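The values are calculated or read from the model by the stated rules, or taken from the named source; none is laboratory data. Computed from a predicted structure; not experimentally measured. Cβ sites come from the backbone with ideal geometry, for glycine too, and all protein chains shown count toward neighbours. Accessible surface areas use protein heavy atoms only, side chains included; no ligands, DNA or RNA. Shrake-Rupley method; radii C 1.70, N 1.55, O 1.52, S 1.80 Å.
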Amino acid sequence: MEIKVNEVIGYTGEVLTERQKKTGILIHALQKIQEEYNYLPEDVLKKLSEKLAVPLSDIYSTASFYKQFYFTPRGKNIIKVCMGTACHVRGSAKVLRSLEEEFDMKEGETTPDLSMTLETVGCIGCCGLAPVATINENIVGEMDENKVNDIIEIIKTGKDSE
Amino acid sequence: MAIEERINNIEDLKKLRELFQKELFKEDTPRVRVCCGTACTASGSYKVIDAFTNESAKRGVDLEIVKTGCQGLCQKGPVMKAEPQEIFYQKIKPENVHWLMSYTILGGMPYRQGIYRDNILSEPVPLMTDVPFYKKQMRIALRNNGRIDPHSIHHYIAVGGYAALEKALSSMTPDEVLREVDRANIRGRGGAGFPAGKKWEHCKKAPGKIKFVIANGDEGDPGAFMDRSIMEGDPHSLLEGMILCAYAIGAKYGFIYVRHEYPLAVKNLKIAIKQAEELGILGKNILGTDCNFTIDIREGAGAFVCGESTALVASIEGQRGFPKPRPPRLSEPGGGPWGYPSNLNNIETYACVPVIIEKGADYFLSIGTPGSPGTKVFALTGKVKNTGLVEVPMGITLREIIFDIGGGIIGDKEFKAVQTGGPSGGCIPAKYLDLPVDFDSLTSVGSMMGSGGMVVMDEDNCMVDVAKFFLSFCQSESCGKCPPCRMGTYQMLEILERITSGKGEDGDIENLLKIGKLVLKGSLCGLGQSAPNPVLSTMKYFMEEYEEHIYDKYCRANVCSGMGVFVINQLECFRCGLCKKACAFDAVKEARDRYFIERDYCTKCKACYYACPINAVKIRKQRHIKLEEEFRIPSESVEIIERRAKMTLKDVLESKPLEIVTTTKDCSVREAINIMSERNVGSILVIDENNKLVGIFTERDAVRCLAKNISFEKEAIQNVMSPNPITFNSSTEISAAIAVMSRKKIRHLPVMEGDKIAGMISYRDLVSYLLPEICYMAEDIY
């Protein structure tokens, strides 16, 4: 994986030391890795540590702090049920429960065949359409029984969502 | 557009604007401005745009389609505006586009089906300015949202963008810009409401040449999305505000910190930065002056605490987002990223700055209240009819926001509370509906402005549950650095979880208050210091709900499970049986003509409550009736009743003479009837050669034989008996036996002890066994 430190750090690089630059792009680098592998594989992190000369423990410290990063492989489809306030008062718990029951899993888990990961998210800023869920990049608003069934259908038949 | 090259002086920008104003947004061109905010995109605005493109190509109409940022009324999306008629359309589907073309674009008339109306009976409102949702709004921070395409810097310039920058660079010194902002008394829109001018001044005075301008777009508050809509819908106004700030305080570098949940915002901001750089508005020698300013984007990685300034700095540096003790503040040396003094403001604050510079501080001061001038964007969500982004002058009342702009509560239910300020704020009850909204008034009632989330709750929301929700958010987002927040929120959450699951105890309320105050005082950063707010404010106004949960095990909003008593209202029930199907514990019983819930089996899981299509399953407060007090039954007889209720079939058998009437399976029907009549019983048990029970022959079977004309003499009993009868073990409780007998409609019940027949019990036995007690009770009651 190619990381151009100076490009990523941007204009601010002019006033930073090499060390500061390398630490400064750490989150960005982790995001890139996650984009590519869907999670953070150990060997890639080790390589990153060598490349940036940042101790692996520091990388782990940062990566484990943020919710976006995962250390285990995730499913092909990622469903995120929004648990924000607006969604909560309009019944997102029910949406989550029905998905959990359907696939016999808890939030945060991945199905054994890696077809789907079910997650919750604090707020995706689409409160006007509460309750909301996202399937991969698509936002589905005003979730009801039918829309939950649509999602289940998409996952089970394995076809990508439109 | 011909001009793509860098602008090298201020005059050129003016000329460019004049050109754009002439060429863009011409008055006589038909135009639709379709909302492409996140919510409307989710409801299908791109499909509508495709339909417009096809339709206009098909008809050969020169239609201008502007893909704007969020127009506010997310609930009714996709929304759009047709010009020049200025007609506002909502919930547009691709199939409506054909008619929209015919009616409005070509005919200049409103298309009735797409026009906003309050409800099905009220008159449609064609003009956008007349729609109640927009009527009371006043747009400063969102001034360009819904008007321009965020991907086009030309649009922004055409509607007067970068005019403030032009004015500042050409006629104002940095000090004058700062003074103007300070005089406007604009307070930080991110939550705490600290005056931005003071912040800028502080940063300007800090020693050192290198300074940063940081825009905080880590909008983590659940229920708030105004920053998102500015970054997505009008990124240039943010850039302009940041450049003005940089000019005022002498900073060269800037960051926009955006949370990773907003990919569209990142994309639009990157486009905007690139365009501004190409045009010479950002970068070295801005507009040919000696002002330099560059902006980098930093993406967050999903941590709410990174909205806290010191944690955000740590995150920019690439570390764990741990907050640091202050001082040093961000504006002091050692405070900002890598120790450089920095100025951090919210996105919305920066977006307001160009207006202040362009129109002057006096204009800004003339809006809003003296203590909090200007407008504020609120994300109005929850149980209101029109959810979305509203920008209103400060000082407007909550009632105006919720009922006039928001259109009232969904289903016209009762308003209960409005939660402002996200997880750090509090709930405001109905009695403060007429409170004018500004920074100070909200704080005075125990809530706060926060970033402007406004979640409306109705009678179906349980305040304890809401408090639990916010606390669980804070608990899971606590970074774990300081113990009061890490452990305090955990303990509070544990107590709340107990309360909401029906296991609340005496003393819980006191403990919550105690821990809450400790967390409030002892935490390091803003997140911890405000984490107990939702609990404390709901306790302040809705204490009776907490008490109900703890002492009566009842949740008046029917949200918490494990609470109350479940009953089926027989007047409403139309006996569809869905509740019985839904019950996993077989607690819903079916009697001859009705369903009822047996409390002994009910786990209060609410499955039946959700299953009922007409809400005939009711959850009532448990009544704690003491028989002695209520009915003046002497305590000895209460004991007897209680003992009787636990009696088994064995007790009944022992109370009457043992009499088992049996016959073999090959005896004739006549013989069996003879035995029954001799022994004066209603049924006879049929046994095989091993003395095992194989069937039962009852009076009802005899009647059936008569009806079918079966020969009493010839037919063997085994052919007419009821085989494999229902039997009960002698340890079965009487109540269970009665329930089965009434459900299966049987009157005779063989009682077994292992394989052996222990006796027979008839319905009459049970009734006469229980009768004395019932008579006794009845006498005492009446």
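Computed quantities for the displayed model
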item: Among (1) of a type in the set (A, V, I, L, M); (2) open to solvent by 10 Å² or more (accessible area, probe 1.4 Å); (3) farther than 30 Å from B:VAL79 by Cα - the single one B:ILE428 does not satisfy; result: (2)
item: Inter-residue pairs, beta-carbon under 6 Å, first over 14 Å from B:GLU308 (Cα atoms) and polar (S, T, N, Q) and in region B:185-203, second assigned to a strand (DSSP E or B) and open to solvent by less than 10 Å² (accessible area, probe 1.4 Å), 6+ apart; result: B:ASN185/B:PRO373
item: Scope region B:434-444; condition surrounded by 18 or more Cβ atoms within 10 Å (Cβ to Cβ) and without any contact (Cβ under 8 Å) to a residue 24 or more places away in the chain; matching residues; result: B:SER441, B:LEU442
item: Identity of the residue in region A:91-105, away from chain B (no Cβ under 14 Å) and among the acidic types (Asp, Glu), that ends up surrounded by the fewest Cβ atoms within 10 Å (Cβ to Cβ); result: A:ASP104
item: Pair list, Cβ < 7 Å and 6+ apart or interchain, from region A:77-106 residues that are within 27 Å of B:ASP458 (Cβ to Cβ) to residues that are surrounded by fewer than 16 Cβ atoms within 10 Å (Cβ to Cβ); result: A:GLU100/A:LYS106
item: Filter pass, B:GLU332 being touching a residue at least 40 places away in the same chain (Cβ under 8 Å), away from chain A (no Cβ under 12 Å), out of contact with any Phe, Trp or Tyr (no Cβ under 7 Å at 6 or more places or on another chain) and surrounded by 22 or more Cβ atoms within 10 Å (Cβ to Cβ); result: no
item: Selection from region A:57-81 of residues that are more than 12 Å from the chain's Cα centre (by Cα), open to solvent by less than 20 Å² (accessible area, probe 1.4 Å) and facing another protein chain (nearest Cβ under 8 Å); result: A:THR62
item: Pairs with Cβ under 7 Å, 6+ apart, first in region B:62-78 and in contact (Cβ under 8 Å) with a residue 12 or more places away in the chain and on the phi < 0 side of the Ramachandran plot, second open to solvent by 20 Å² or more (accessible area, probe 1.4 Å) and of a type in the set (A, V, I, L, M, F, W, C); result: B:LEU63/B:ILE105
item: Total residues in region A:22-50, condition among the charged types (D, E, K, R) and either farther than 20 Å from A:GLU7 by Cβ or away from every other protein chain (no Cβ under 14 Å) (or both); result: 6
item: Unmet requirement for B:ILE120, which otherwise passes all of (1) without any contact (Cβ under 8 Å) to a residue 40 or more places away in the chain; (2) of a type outside the set (Ser, Thr, Tyr); (3) assigned to a helix (DSSP H, G or I); result: (3)
item: Residue in region B:179-193 that is in a strand (DSSP E or B) and either within 14 Å of chain A (Cβ to nearest Cβ) or among the charged types (D, E, K, R) (or both) present; result: yes
item: Residue match in region B:36-46 (condition: at pLDDT 90 or above, within 14 Å of another protein chain (Cβ to nearest Cβ) and open to solvent by 70 Å² or more (accessible area, probe 1.4 Å)); result: yes
item: Residues of region B:76-98 that turn out to be open to solvent by 30 Å² or more (accessible area, probe 1.4 Å) and either in a loop (DSSP other than H, G, I, E, B) or under 17 Å from B:ARG117 (Cβ atoms) (or both), as a count; result: 7
item: Within region B:599-610, considering residues that are surrounded by 16 or more Cβ atoms within 10 Å (Cβ to Cβ) and of a type in the set (D, E, K, R), the one farthest from the other protein chains (Cβ to nearest Cβ); result: B:LYS604
item: Residue satisfying all of: in region B:689-699; open to solvent by 30 Å² or more (accessible area, probe 1.4 Å) and without any contact (Cβ under 8 Å) to a residue 40 or more places away in the chain; nearest to B:ASN724 (Cα to Cα) among these; result: B:VAL694
item: Residue satisfying all of: in region B:267-301; farther than 30 Å from B:SER171 by Cβ and open to solvent by less than 10 Å² (accessible area, probe 1.4 Å); farthest from the chain's Cα centre (by Cα) among these; result: B:ASN268
item: Flag for B:ILE256 being open to solvent by less than 10 Å² (accessible area, probe 1.4 Å) and not in a helix (DSSP H, G or I); result: yes
item: Test: residue in region B:448-459 that is more than 22 Å from A:PHE65 (Cα to Cα), surrounded by fewer than 24 Cβ atoms within 10 Å (Cβ to Cβ), of a type outside the set (A, V, I, L, M) and within 14 Å of chain A (Cβ to nearest Cβ); result: yes
item: Selection within region B:11-31 - open to solvent by less than 90 Å² (accessible area, probe 1.4 Å), under 12 Å from B:TYR156 (Cα atoms) and not hydrophobic (A, V, I, L, M, F, W, C); result: B:ARG17
item: Any hit, region B:481-489, residues being open to solvent by less than 40 Å² (accessible area, probe 1.4 Å) and not in a helix (DSSP H, G or I); result: yes
item: Helices (runs of 4 or more DSSP H) within region B:627-714 that include 3 or more residues modelled with pLDDT under 85; result: B:627-631, B:635-645, B:649-655
item: Enumeration of residues in region B:302-329 that are open to solvent by 10 Å² or more (accessible area, probe 1.4 Å) and either more than 7 Å from chain A (Cβ to nearest Cβ) or without any contact (Cβ under 8 Å) to a residue 12 or more places away in the chain (or both); result: B:GLY307, B:GLU308, B:SER309, B:GLN319, B:PHE322, B:LYS324, B:PRO325, B:ARG326, B:PRO327, B:PRO328, B:ARG329
item: Only one of A:GLY108, A:GLY125 that is surrounded by 14 or more Cβ atoms within 10 Å (Cβ to Cβ) and within 14 Å of another protein chain (Cβ to nearest Cβ); result: A:GLY125
item: Residues being away from chain A (no Cβ under 14 Å) and either within 20 Å of the chain's Cα centre (by Cα) or closer than 16 Å to A:ALA86 by Cβ (or both) - total across region B:361-401; result: 2
item: Top-ranked residue of region A:132-147 - restricted to ones that are open to solvent by 10 Å² or more (accessible area, probe 1.4 Å) and in contact (Cβ under 8 Å) with a residue 40 or more places away in the chain, ranked as nearest to the other protein chains (Cβ to nearest Cβ); result: A:THR134
item: Residue selected from region B:402-417 under the condition among the hydrophobic types (A, V, I, L, M, F, W, C) and more than 11 Å from every other protein chain (Cβ to nearest Cβ), by the criterion surrounded by the fewest Cβ atoms within 10 Å (Cβ to Cβ); result: B:PHE403
item: Among the candidates B:ILE210, B:ILE153, B:ILE148, B:ILE230, residue that is among the β-branched types (Val, Ile, Thr), modelled with pLDDT under 95, on the phi < 0 side of the Ramachandran plot and open to solvent by 40 Å² or more (accessible area, probe 1.4 Å); result: B:ILE210
